[in-house]
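The next block holds one structure in the form of structure tokens; read it before the comments.
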């Protein structure tokens, strides 16, 4: 009996090709890295957060499962609107770099101040404005 094996690149393409599968993967990732969130928030809200994250990340062309996982996690770890910090957005928008190379660039010490500024885009209003479609 033959066994099918998939490379991580093939699995990445499979997940990215199916929005529902992608959302499930991102929720599973969130459960693994931040299980407490599933105690604090109702599942429909966390589904919305994943969908919202995919919508926000789409214009940056982050067509990589691992890069999208990082994006989602940073919304909780840094600030839900971290991507609005201009220096960070400029790197995220660099199509000449692979998605994970953008995160590697943003992990350099020279971006320390940008990450500190990105933390300003936090608080309940950052989530509510996008969730309700109006300022909190």
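I'd like to check which helices (runs of 4 or more DSSP H) are fully inside the range 61-111 and have at least 3 residues that are surrounded by fewer than 21 Cβ atoms within 10 Å (Cβ to Cβ) and over 10 Å from the mean Cα position of the chain (by Cα).
The qualifying helices (runs of 4 or more DSSP H) are 86-92, 99-106.
Within the range 39-51, can you find the residues that are surrounded by 12 or more Cβ atoms within 10 Å (Cβ to Cβ) and either touching a helix residue (DSSP H, G or I) at 6+ places or on another chain (Cβ under 6 Å) or not in a helix (DSSP H, G or I) (or both)?
Within the range 39-51, 41, 50 qualify.
Throughout, read-outs are computed from the coordinates displayed, never taken from laboratory work. Just so it is clear, the model here is predicted, and its values are computed rather than measured. Heads up, the Cβs are rebuilt from the backbone with ideal geometry, glycines too, and the neighbour counts pull from every protein chain shown.
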